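Trainee: Just dropping this structure here.
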Amino acid sequence: MIVLGIVGPIAAGKSVVLQMLAELGATVVSADDISRQLLKPGSPLVAQIAARFGGRFIDDAGHLKRKELARLIFADAAARRQLNALTHPPMVAEIQRRIEQARADGVKVMAVEAAVLEQMGALDLVDKIVMVTAPPQVRRERLIQRDALDPAEASRRIAVQQQLGLEDTPADFTIVTDCPLECTRKQVQRLWETLQALDP
């Protein structure tokens, strides 16, 4: 089995690439989806976050206020490190579990999408790295439209991720998404054809 790590900065199009790989036949997993599962109301992780950061980040139904917490961690490096220390270990463990299950099921290609795959300490779980990227101005506009952020907040989040070096992970393949969707699809198709020719 070939395990791909799909990495790249915020609003680069990682989820779009992941979906295209799924359509081509890959088994896929998203770190964001795993995070949401681990952070369901009543989960131990939500309780730990509430204990560390305060009840103001949990609503009356026990859901994590993700947008409010995101604003905090993009503004406060210490808070970001503390949150990562809580969330990354169980996320890596779940990613590893899913990879092992896919391997047992005879899956040929698995793709794991996680912007901070390297920072999580999970690079050794994947065989090949696919960097998904787009120019900062393109990603800024996507953030404004997708997340309803004001321009200053969008720019700040891009700057924080640049400081974290999310585009510095050495990659085996690169997909640039500053083009129409069909252009991205063609790049993903070429990647898929290359993977089919590899001997896992």
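Trainee: Of the numbered conditions (1) surrounded by 14 or more Cβ atoms within 10 Å (Cβ to Cβ); (2) out of contact with any helix residue (DSSP H, G or I) (no Cβ under 8 Å at 6 or more places or on another chain), Met1 fails exactly one; give the number of that condition.
Mentor: The number of the failed condition is (2).
Trainee: Name the pairs whose Cβ atoms lie under 7 Å apart, with the first residue in the range 83-107 and small (Gly, Ala, Ser), the second surrounded by 15 or more Cβ atoms within 10 Å (Cβ to Cβ), and 6 or more positions between them or separate chains?
Mentor: As it stands, the answer is Ala102/Met1; Ala102/Thr27; Ala102/Met110, since those pairs meet every condition given.
Trainee: Give the range 23-47 a look and list any residue that's of a type in the set (A, V, I, L, M), assigned to a helix (DSSP H, G or I) and either out of contact with any helix residue (DSSP H, G or I) (no Cβ under 8 Å at 6 or more places or on another chain) or more than 23 Å from Arg103 (Cβ to Cβ) (or both), or say none.
Mentor: Passing the criteria: Leu45, Val46, Ala47.
Trainee: Then there is this: Exactly one of these conditions fails for Arg157: (1) of a type in the set (D, E, K, R); (2) under 15 Å from Val29 (Cα atoms); (3) crowded, with 17+ Cβ neighbours inside 10 Å. Give me its number.
Mentor: Just one mismatch for Arg157, condition (2).
Trainee: May I pose another question? Would you mind finding the one in Ala85, Ala51, Ala70 that is within 25 Å of Ala148 (Cα to Cα), among the aliphatic types (A, V, I, L, M) and part of a helix (DSSP H, G or I)?
Mentor: So the residue among Ala85, Ala51, Ala70 that is within 25 Å of Ala148 (Cα to Cα), among the aliphatic types (A, V, I, L, M) and part of a helix (DSSP H, G or I) is Ala70.
Trainee: Filtering the range 54-66 down to residues that are part of a helix (DSSP H, G or I) and more than 16 Å from the chain's Cα centre (by Cα), which residue is surrounded by the fewest Cβ atoms within 10 Å (Cβ to Cβ)?
Mentor: Of everything passing the filter in the range 54-66, Gly55 is surrounded by the fewest Cβ atoms within 10 Å (Cβ to Cβ).
Trainee: Separate question: Looking at the range 33-45, can you tell me whether even one residue there is in contact (Cβ under 8 Å) with a residue 12 or more places away in the chain, surrounded by 13 or more Cβ atoms within 10 Å (Cβ to Cβ), farther than 30 Å from Leu191 by Cβ and out of contact with any strand residue (DSSP E or B) (no Cβ under 8 Å at 6 or more places or on another chain)?
Mentor: So far as the range 33-45 goes, yes, one or more of its residues are in contact (Cβ under 8 Å) with a residue 12 or more places away in the chain, surrounded by 13 or more Cβ atoms within 10 Å (Cβ to Cβ), farther than 30 Å from Leu191 by Cβ and out of contact with any strand residue (DSSP E or B) (no Cβ under 8 Å at 6 or more places or on another chain).
Conditions (1) in contact with a Gly (Cβ under 8 Å, 6 or more places away or on another chain); (2) assigned to a loop (DSSP other than H, G, I, E, B), marked per residue:
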{"site": "Val92", "(1), (2)": "yes, no"}
{"site": "Ile99", "(1), (2)": "no, no"}
{"site": "Ala115", "(1), (2)": "yes, yes"}
{"site": "Gly121", "(1), (2)": "no, yes"}
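Only the coordinates and a few stated rules stand behind these numbers; no lab work does. None of the values given here were measured: they were computed from a predicted structure. Positions of Cβ are backbone-derived with ideal geometry, glycine not excepted, and every protein chain shown enters the neighbour counts.
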